[in-house]
Amino acid sequence: MNAGSGSSGGISVKRSSWSCKKRVRDGVRSNFTPAKKKLSNLPEKHCSPAETNPEEKCCSDDEDLFDGYDSIIGDSSFLAKLEDVEQKAEEDQNVCFDPHPVKNSDKQCCGDELTDSIFTEDFPDASLRDFPSSQLEFQQDVLNPERQDSSLRMGLSTESTSTPDVKHCKPVSAPAESVNNKKPGPRARRSMTDQLKRAMLENAAASSRISKTALQKEAVMSEEISVAMQTIESACKDGDLGPFFGLPSKVKDLIMRLKGIQDLYDWQKVCLDLDSVKQRKNLIYSLPTSGGKTLVAEILIFKELLCRRKDALLILPYVALVQEKVRGLASFGIELDFMVEEYAGSKGRFPPVKRRSSNSLYITTIEKGHSLVNSLIEANRLDNIGLVVVDELHMLGDGSRGAILEMTLAKVLYINKSTQIIGMSATLGNIGDLQSFLRAENYTNDFRPVELKEYVKLRDSIYEVKPKEEECFRFSRLLAFKYSSGMQKMDPDHIIALVTEVIPKQSCLIFCATKKNCENVAGMICKYLHTDFLMHREGEKATLLAELRNSGNGSLCPVLQRTVPFGLAYHHSGLTSDERKLVEEAYSSGVLCLLACTSTLAAGINLPARRVILRSPYVGIDFLKRSQYKQMVGRAGRAGIDSVGESILILQDKDKDMVRKLVSAPMEKCYSNLLHDGSKGLLSLTLSLIGLNVTQSEEQVVDFMSRTLLSVQETQTCQQKSLKELTVESIEILKQKGLIEASSGAAGGASLQVTRIGRATYKGSVDLSHCDVLYRDLSKGLEGLLLNSFLHLVYLVTPYDLVSQCKPDWMIYYTQFSKLSPAEQKMAATLGVPESFVARKAAGQSVRKNVDNLVVNRLYLALVLYSLLRETDLWSVSDRFQMTRGFVQTLLSSSSAFCSCVLHFTEELEEFWAYKALLSELTRRLTYCVQAELIPLMEVSGVMELRAKQLYSAGYKTLAHLANADPNVLVKKVENLFKKQANQIVASAKMLLQEKAEALQEEFDDLLMLPIDLPAE
């Protein structure tokens, strides 16, 4: 059925759910024949399928109008029955074939008027009575003359319909004498077969009243998508991109409804109209923080998913950002019919499920994105990814994580040149290098939705930052706040004066150098705030305290207990995930008006403020970088709320010159990190290239390296050796480690291949410096694996890189060690940590026996995790081991991610088959670390332990419960749940449920699919 034309004018679109192909009549199922016809809006057909003649050709497009029905025209048995009935009827020449009895006096007239015969009661096959909708309408018109009469009375013309009007046809005129003097002879009737063919074809040609209204509504979405696809293909010729940058108007409506965005900024429209975007060239666009970069990326992602029908990959720097984005885009996925899949921590399937009916948006961290790309390369499916979007592209210069990001992008560029890469970045000093690496164009704009005014505070004076002036600082005003002598000692930097100018009616962020300083600043401010602050949104702050206490199973941080009543809190990695989420939500809603935080907040969740205060120009002991400074001050100014945002950097006299350079310096340059930490990145990249068969010789590896960012910056980064020399050297190192080997090739050259351990290393994303130790530990574990306790397995998946951050408290160590069962103590002794050693250390005695400190400290962390698995109470475990709850939380999340890596590592090594099932279950337990009944709820993105408990208590006990919940009812049943949060939870649950269902369906279809290599006769 042709839908109405969209905004592109004369283009008409065929609705995708109605086949526009000719049906195959030879009994063989074609690729276009649906396995099961779903015509919910049409009456069910009871007629048996047509028995078709192999020699009979398909109907023409004009004839084949019974969309969804098999033609009965070719059914010889059916038409034979019609002939038999007609012959029987013709035996009695005096009988008028009328389905209703008529008087004898009327028979003559009836016989003269009728030219067609319609049978119902005399027809022996009851199946004729069960007409399709088009034939049913014809039959009703025949049997119900009142219906025709009413149409005429309403002024409707019956001549325009294709239904033959057998009741109201005009009588044939005849001479009067013929009527009076001669008995009329029988008139020739059309054959019943011919009449039925004609009637059915004419009825089928008529538009169905059922489909015309319903299908037009359903066709709007498909129509606009089809229009967009056609216009995008011809964009270079006519420049017409459709209703909303090549997307259906529904997307614009969703952005308005779900994000509250009425219109795009001018720069966003310009960016989306760039030739590089229209022609699908790679693009890097740079704007200040809070400029609206993300929305442009999301529109491009929607275009890729809906118009080009390709998957998209969105790479974000932090787990929290991935979870926030999954929640935010789940509603779009439900409405626009695409999947949103989370790849963070231990979540993610490699390779992802291959979907036939819908496309997927993969939202990943940097590490998971690299693993995902590797799995797609190995499955030969990388061409399914049509678009890769990287947020914070300048992370390329961030140590080992930058190296992983560079590996990912280099592989995509090398293997699939049709994939478009979009990079979002803060302004960089060497953006040209990134352009050369990505073969991308650049768009830069200094737009900010809210004007930013930068200030510095020196003693009691405020100076405005003017980088173009010689002094950089221009005097603005003096602080008017009156300090007592005692207050001056407690607050020499006048923080209280600065914050009380904006809070509680407006918001404020204070960036501090250390986590401890955050807590101290929040506590100090509370001491000198007026009691009026306690009255501001008092009830909501009491509710927040109750939720914080519930999240800690009755425990509450004493600092938060003191500061929250005043509307203040601190925010850093020492908080648990539940606490951070509660604090962020309270700040966003205005319940909290001030956060004292570390610099990580500036790079994470977007929490803007009216005023941003930098407590000092340091992060830890390091002086601020220009990029860090711009990221922090960029949080000042809330779009749609503030007309201006302010940042104030507190400085001392000794730092004045350095701060002057800081505010006027150009942006830092971004350099490749493949050579970071002993060239680990270069080694890992080389190993994976050989393992994935991307390169198979030394020359090919060198050729690949010539297309990396490291090659673009070779003159700056490779000072002592050339990149080619470094590449050859990395291949030799991998050979020495036993991760790759060389064999004679067919042409006489050496062919490079990975060994079994090499394959396990890159597939498990295991650090090269730990792969041999991990293999040794796993092999030793098989000799006496303890199966009646999780302790042994937990030890094997305790991350190596966290061991250096741990210094055991020996008394606590001994206390917890002595509580272990005899079997567990024996296992510890086997590892090299006997009870006697721990007892001597606890007693302060010297130990002569040499022990491996790595094993000792790792077992201590394993005891922490083991306690956490048994109790699932983070607060009590952190108190018992005298660790911050934030560190315990980090240990738990890192262990779950590393457990997933070890699982993939063991899957590639046959000798470790026993670990597969064990580590799969352990990964699940470490990921959630809650009671088993809460795990299905916590699988939903953004649902933490506290919220899961609330949902479970309210009766929402399964994923299906959440997916089918009414957000309005959810808000009423779950305490302190906002409507927006409820909508996101339900949408995320629906998306997850749909994802699982489709995965099972794909598996089912694969099982039933006919093998393409099935032997023939």
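The values are calculated or read from the model by the stated rules, or taken from the named source; none is laboratory data. Computed from a predicted model, the values in this text were never measured in an experiment. FYI the Cβ positions are ideal-geometry reconstructions off the backbone, even for glycines, and counts take in every protein chain you see. Protein only, heavy atoms only, side chains kept; ligands, DNA and RNA dropped before computing areas. Shrake-Rupley method; radii C 1.70, N 1.55, O 1.52, S 1.80 Å.
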Test Val564 against the stated conditions and say whether it is of a type outside the set (S, T, N, Q), free of Cβ contacts under 8 Å to residues at least 40 places away in the same chain and either part of a strand (DSSP E or B) or crowded, with 23+ Cβ neighbours inside 10 Å (or both).
yes
Can you tell me which condition Ala480 does not meet? The list is (1) surrounded by fewer than 15 Cβ atoms within 10 Å (Cβ to Cβ); (2) under 21 Å from Ala636 (Cα atoms); (3) modelled with pLDDT under 90; (4) among the hydrophobic types (A, V, I, L, M, F, W, C), and all the others hold.
(2)
Single residue of Arg660, Arg615, Arg638 found to be under 22 Å from Cys518 (Cα atoms) and either polar (S, T, N, Q) or in contact (Cβ under 8 Å) with a residue 24 or more places away in the chain (or both):
Arg615
Among the listed residues Leu861, Leu934, Leu865, which satisfies the condition of being assigned to a helix (DSSP H, G or I), in contact with a Cys (Cβ under 6 Å, 6 or more places away or on another chain) and surrounded by 17 or more Cβ atoms within 10 Å (Cβ to Cβ)?
Leu861
Output for the stretch 315-357, where each listed residue is open to solvent by 30 Å² or more (accessible area, probe 1.4 Å) and β-branched (Val, Ile, Thr)
Val319, Ile334
Looking at this structure, is Ala609 open to solvent by 50 Å² or more (accessible area, probe 1.4 Å), touching a residue at least 24 places away in the same chain (Cβ under 8 Å) and of a type outside the set (Ser, Thr, Tyr)?
no
Per-region count, the stretch 902-919, residues open to solvent by 30 Å² or more (accessible area, probe 1.4 Å) and either closer than 18 Å to His792 by Cβ or among the charged types (D, E, K, R) (or both)
9
Residue satisfying condition, being under 30 Å from Glu646 (Cβ atoms), in contact with a Gly (Cβ under 9 Å, 6 or more places away or on another chain) and not β-branched (Val, Ile, Thr), within set Ala320, Ala312, Ala297
Ala320
Inside the stretch 842-858, the number of residues satisfying the requirement of being in a loop (DSSP other than H, G, I, E, B) and of a type in the set (S, T, N, Q) is 3
State all residues of the stretch 743-777 that are over 13 Å from Tyr800 (Cβ atoms), of a type in the set (A, V, I, L, M) and at pLDDT 90 or above; if no residue qualifies, say none.
Leu752, Val754, Ile757, Ala760
Any chance you could count how many residues in the stretch 755-785 are within 21 Å of Ser894 (Cβ to Cβ) and assigned to a loop (DSSP other than H, G, I, E, B)?
7
Quick test for you: out of Ala839, Ala828, pick the one residue that is crowded, with 20+ Cβ neighbours inside 10 Å, among the hydrophobic types (A, V, I, L, M, F, W, C), outside any loop (DSSP other than H, G, I, E, B) and in contact (Cβ under 8 Å) with a residue 24 or more places away in the chain.
Ala828
Which of the residues spanning the stretch 590-599 are within 10 Å of Phe511 (Cβ to Cβ) and either of a type outside the set (Gly, Ala, Ser) or open to solvent by 40 Å² or more (accessible area, probe 1.4 Å) (or both)?
Leu595, Cys597, Thr598
May I ask you to list the residues in the stretch 418-471 that are within 25 Å of Arg615 (Cα to Cα), buried (at least 21 other Cβ atoms within 10 Å of the Cβ) and small (Gly, Ala, Ser)?
Ala426
Against the condition over 25 Å from Phe887 (Cα atoms), open to solvent by less than 20 Å² (accessible area, probe 1.4 Å) and not in a loop (DSSP other than H, G, I, E, B), how does Leu649 come out, does it pass?
yes
It is to be established whether one or more residues within the stretch 996-1007 are in contact (Cβ under 8 Å) with a residue 40 or more places away in the chain, assigned to a helix (DSSP H, G or I) and under 16 Å from Ile935 (Cα atoms).
no
Collect the residues in the stretch 927-950 that are of a type in the set (Ser, Thr, Tyr) and free of Cβ contacts under 8 Å to residues at least 24 places away in the same chain, keeping them in residue-number order.
Tyr928
Scan the stretch 484-511 for residues that are more than 27 Å from Ala603 (Cβ to Cβ) and assigned to a helix (DSSP H, G or I) and jot them down.
Ser485, Gly486, Met487, Gln488, Lys489, Met490, Ile496, Ala497
